[in-house]
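Notes follow once the structure below has been shown.
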Amino acid sequence: MIKFNSALCTVGAALFSLVLGPTAANAQVIQTDAGYINGQTENGISSWKGVPFAQPPVGDLRWRAPQPVSHWDGVREADEFASDCMQTPFAGDAAPLGTPPAEDCLYLNVWRPTGTTSQDRLPVMVWIYGGGFVNGGSSPDVYNGAELARQGVILVSFNYRIGRFGFFAHPELTAANEDNGLLGNYGIMDQLEALRWVQRNITAFGGDPNAVTVFGESAGGGSVSTLMASPMGRGLFDKAIIMSGGGRMLTGALPLDSDTETSASDHGVEFAEWAGIDADSDTVLADLRALPAEKLSEGVVLMSQPEAPVSGMMLDGVIIPEPTNVTFEKGNIAPVAFMGGANTLEFGFPRPVEGEFFEGNFGPLAEEAKAAYSEVADNPQALAFTVAMDSMMVEPARFQVQSMQKAGQPAWHYRAGYVPESMRGEWPGLPHANEIPFFFQTLDDRYPGDVTEKDRNMAKTMSAYFVNFAKNGDPNGEGLPQWSEYDDDAKTIMLFGAEGAADDVDPWRARLDVTQKNADRMAE
């Protein structure tokens with residue numbers, strides 16, 4: 001629900017700032033380019049939540065590029081998260097939503113140290129959540145930006161459309177061409193618009209628009225890859241961190257439209273038919289936009305197979321002209337400082353193989369693969385899982401670090417394997433997404449009552465590296481083990497393990513080398 005403080009009008013808020021002068025640093029009223037917002041302060045951190053960065057994408061704005069926010073009068077209260085974007089939440093989510101999802105969801109949140117002024121120009125970190133592009137939001141407790149802000153940065157998080165709301169194509173949308181060629185990838189358009197909002201407004205919060213680090217995990221990491229590869233992302237950030245982003249995952253992305261192969265628009269036509277819309281009607285697009293939001297999200301849940309097709313990111317020729325891994329390989333990538341990595345217990349999808357496992361998966365590289373995976377070769381289930389994990393997440397993370405280094409950009413590689421002490425009897429490594437509360441220092445929200453001092457110390461270390469990178473373009477800092485910039489000959493890596501942080505030669509180097517060769521072979 002939108003809340004406005006009727007006691008503070010626009011003129012009054014302006015006078016408030018003028019009268020207080022230098023002491024206004026502690027004021028929670030901030031002027032954005034759409035109007036004044038009032039936040040809250042708690043334990044030395046000021047925050048503003050539920051700040052609109054685009055018009056609600058509902059009605060005729062469903063499947064439109066984000067539209068500018070209408071200016072409001074008075075002071076808008078910004079002390080609660082807005083709705084996360086429309087979806088069907090799933091049980092067991094490591095980052096459960098804190099608000100009910102809704103189609104009206106294009107809002108962002110800002111945290112800063114209390115007392116920050118517009119002259120301080122603190123570095124900015126912009127978080128993009130994961131969830132397979134069908135789940136996720138900015139409201140989960142584990143994404144609370146307070147502890148990152150406490151280290152001297154400004155943290156921004158935002159919602160972006162997901163599922164069929166965020167990634168959808170149809171011939172009628174293509175024909176209407178309502179946004180001059182911007183079609184299909186509406187969730188990525190939201191991300192770009194949020195970053196533009198940061199460029200226009202973050203100085204008022206005390207942030208530096210020329211020192212913006214964009215970081216994300218899983219689908220959020222894939223989003224960072226896309227923003228780095230997209231011509232439309234240039235100039236919106238100067239540093240990037242990809243956490244378990246599956247750097248080769250867009251290889252099979254569908255074209256938005258095609259006369260020769262299956263396209264995202266074909267999926268849209270199938271969905272419309274499934275939803276009961278008459279293909280011969282003159283009002284197909286209006287009928288699609290009139291569908292209840294629940295119909296669009298029906299059956300669309302992470303790790304599920306919906307009855308009607310769902311398209312993810314697509315090759316639209318504008319935002320995503322080619323698969324992002326191709327752009328990385330060419331070195332035609334955003335010239336930014338870079339960090340990338342994955343966890344020690346990632347997920348993957350083992351390929352069904354007839355006959356001998358190594359020959360079926362690696363072909364002429366079978367003998368090299370046997371040697372590289374000798375530690376798990378006697379356990380068929382562990383072997384299949386490990387090969388799939390390396391192929392989907394672990395090697396692609398190194399591939400992106402390599403690509404950035406070859407393109408002449410500073411790059412650092414990590415692998416997160418520190419398992420919280422309370423989970424060591426259950427997890428043989430750190431599962432996908434479970435590094436997030438370490439970097440955010442929100443362990444108590446993820447493991448309430450079970451966090452040890454050793455866990456907290458690791459979280460402080462991991463978080464400090466991220467913040468140092470945002471501040472200086474280099475993760476190293478006082479009191480931290482030295483982290484070497486990536487070198488493709490040495491293939492060193494920062495390992496966050498049970499005994500702490502250690503910079504060393506990658507112990508999985510042979511596995512990743514053969515996985516990389518296999519990826520190159522299969523791409524030929």
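The values are calculated or read from the model by the stated rules, or taken from the named source; none is laboratory data. The model shown is predicted, which means the values in this text are computed figures rather than measured ones. Because the Cβ atoms are built from the backbone with ideal geometry, glycine has one as well, and the counts that use them run over all protein chains shown.
Observations, loosely collected:
- Against the criterion of being under 15 Å from E217 (Cβ atoms), at pLDDT 95 or above and small (G, A, S), S157 qualifies.
- Residues of region 421-443 satisfying the condition of being part of a helix (DSSP H, G or I), out of contact with any Leu (no Cβ under 7 Å at 6 or more places or on another chain) and of a type outside the set (G, A, S): E421, M423, I436, F438, F439, L443
- Within region 25-62, the only residue that satisfies the criterion of being under 15 Å from L106 (Cα atoms), touching a Phe, Trp or Tyr at 6+ places or on another chain (Cβ under 6 Å) and in a loop (DSSP other than H, G, I, E, B) is F53.
- Yes/no for G59 being touching a strand residue (DSSP E or B) at 6+ places or on another chain (Cβ under 7 Å) and modelled with pLDDT of 95 or more: no
- When D474 is tested against (1) farther than 25 Å from N325 by Cβ; (2) among the charged types (D, E, K, R); (3) part of a helix (DSSP H, G or I); (4) under 24 Å from the mean Cα position of the chain (by Cα), only condition (3) is not met.
Okay, residues lined up against (1) over 24 Å from the mean Cα position of the chain (by Cα); (2) more than 30 Å from R415 (Cα to Cα):
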{"site": "G245", "(1), (2)": "no, no"}
{"site": "T260", "(1), (2)": "yes, yes"}
{"site": "A264", "(1), (2)": "no, yes"}
{"site": "L288", "(1), (2)": "yes, yes"}
{"site": "E307", "(1), (2)": "yes, yes"}
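- The numbered conditions (1) buried (at least 19 other Cβ atoms within 10 Å of the Cβ); (2) among the small types (G, A, S); (3) within 21 Å of S223 (Cα to Cα) are all true for G331 except (1).
- Output for region 482-501, where each listed residue is surrounded by 13 or more Cβ atoms within 10 Å (Cβ to Cβ) and touching a strand residue (DSSP E or B) at 6+ places or on another chain (Cβ under 7 Å): W483, S484, E485, Y486, K491, T492, I493, M494, L495, F496, A501
- Qualifying positions in region 429-459 - of a type in the set (G, A, S) and either touching a helix residue (DSSP H, G or I) at 6+ places or on another chain (Cβ under 8 Å) or touching a residue at least 24 places away in the same chain (Cβ under 8 Å) (or both): G429, A433, A459
- Residues located in region 62-92, provided they are modelled with pLDDT under 95 and surrounded by 15 or more Cβ atoms within 10 Å (Cβ to Cβ): T88, P89, F90
- Just one of the listed residues (Y486, Y418) is within 22 Å of M389 (Cβ to Cβ), part of a loop (DSSP other than H, G, I, E, B), at pLDDT 95 or above and under 22 Å from the mean Cα position of the chain (by Cα), namely Y418.
- Contact map, region 410-428: first residue closer than 21 Å to V394 by Cα, second residue polar (S, T, N, Q) and in a loop (DSSP other than H, G, I, E, B), Cβ cut-off under 6 Å, separation 6 or more or different chains; pairs are G417/T344.
- Checklist (1) surrounded by 18 or more Cβ atoms within 10 Å (Cβ to Cβ); (2) at pLDDT 95 or above; (3) in a helix (DSSP H, G or I) applied to E368, failing item: (1)
- Residue match in region 407-415 (condition: surrounded by fewer than 17 Cβ atoms within 10 Å (Cβ to Cβ), farther than 19 Å from G221 by Cβ and out of contact with any Gly (no Cβ under 6 Å at 6 or more places or on another chain)): yes
- Qualifying helices (runs of 4 or more DSSP H) (wholly inside region 241-318; at least 2 residues being within 24 Å of G181 (Cβ to Cβ)): 264-274, 284-290
- Selection of first residues in region 305-327 that are under 22 Å from G163 (Cβ atoms) and in contact (Cβ under 8 Å) with a residue 12 or more places away in the chain and of second residues that are hydroxyl-bearing (S, T, Y) and not in a loop (DSSP other than H, G, I, E, B), restricted to Cβ pairs under 8 Å at least 6 apart or on distinct chains, gives the following pairs, ordered by first then second residue: M313/T226; I319/T226; I320/T226; P323/T251; T324/S225; T324/T226.
- Only one of A194, A204, A175, A95 that is without any contact (Cβ under 8 Å) to a residue 12 or more places away in the chain, of a type outside the set (S, T, N, Q) and at negative phi: A175
Each row is one residue, and each column tells you yes or no for (1) surrounded by fewer than 18 Cβ atoms within 10 Å (Cβ to Cβ); (2) at positive phi; (3) under 21 Å from the mean Cα position of the chain (by Cα).
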{"site": "A240", "(1), (2), (3)": "no, no, yes"}
{"site": "A272", "(1), (2), (3)": "no, no, no"}
{"site": "M314", "(1), (2), (3)": "no, no, yes"}
{"site": "V326", "(1), (2), (3)": "yes, no, yes"}
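- Exclusive hit being on the phi > 0 side of the Ramachandran plot and in contact with a strand residue (DSSP E or B) (Cβ under 7 Å, 6 or more places away or on another chain), set A397, A433, A416: A433
- Pairs are defined by a Cβ separation below 8 Å, a sequence spacing of at least 6 or placement on different chains, a first member in region 501-514 that is on the phi < 0 side of the Ramachandran plot and charged (D, E, K, R), and a second member that is modelled with pLDDT under 95 and assigned to a strand (DSSP E or B); the pairs so defined are D503/T492; D504/T492; D506/T492.
- In summary, M462 fulfils each of the numbered conditions (1) closer than 20 Å to V153 by Cα; (2) free of Cβ contacts under 8 Å to residues at least 60 places away in the same chain; (3) surrounded by fewer than 19 Cβ atoms within 10 Å (Cβ to Cβ); (4) not hydroxyl-bearing (S, T, Y) with the single exception of condition (3).
- Qualifying residue in region 440-455 (condition: buried (at least 17 other Cβ atoms within 10 Å of the Cβ), farther than 20 Å from V126 by Cα and among the aromatic types (F, W, Y)): yes
- Every residue from region 145-166 that is on the phi < 0 side of the Ramachandran plot and either among the aliphatic types (A, V, I, L, M) or surrounded by fewer than 23 Cβ atoms within 10 Å (Cβ to Cβ) (or both): A146, E147, L148, A149, R150, Q151, V153, I154, L155, V156, I162
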